[in-house]
Amino acid sequence: ILVSVNRVVDSAEIEDSLRAFKLAMLEVQKLAESVEGQVAPLSSGIGDATVEAKGALEQAKKSLATMEELIAENSAVTYGLTDTLEQLSGAARSIRILADYLERNPEALLKGKKSSGGK
């Protein structure tokens, strides 16, 4: 039995297998070192991106809050916009009335408005 075991242990096939195993382990070690060298910068980059994304989200929340204040029903902006729209509506109505009058009385551009007293 010992002779058979010695023959197997001393065989070229076992030596070749051990050599191949050793080379494979060296390749695995190189791969692990390479991956380790790349993981550290990658994890640092992810951390930086997370911080930047959090900052952008906070800024977006602040901007949204400001917009909500500006367009609130009782805000100065809403009041000013409503007032401006009412004034524009009045101006458009006046222009429409003037256009109607000039259509009926085109000579008013040259002579002025007719007085209602019959002159």
Residue list for the range 1-32, filter: open to solvent by 90 Å² or more (accessible area, probe 1.4 Å) and at pLDDT 80 or above: LEU18, ARG19, PHE21, LYS22, LEU23, MET25, GLU27, GLN29, LYS30, LEU31
Criterion violated by ILE46 - all others in (1) modelled with pLDDT under 80; (2) open to solvent by less than 90 Å² (accessible area, probe 1.4 Å); (3) assigned to a helix (DSSP H, G or I) satisfied: (2)
Residue match in the range 56-73 (condition: open to solvent by 70 Å² or more (accessible area, probe 1.4 Å) and outside any helix (DSSP H, G or I)): yes
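The values are calculated or read from the model by the stated rules, or taken from the named source; none is laboratory data. Keep in mind the model is a prediction, meaning the values are calculated, not measured. SASA here: full protein model, heavy atoms, side chains in, ligands and nucleic acids out. Shrake-Rupley method; radii C 1.70, N 1.55, O 1.52, S 1.80 Å.
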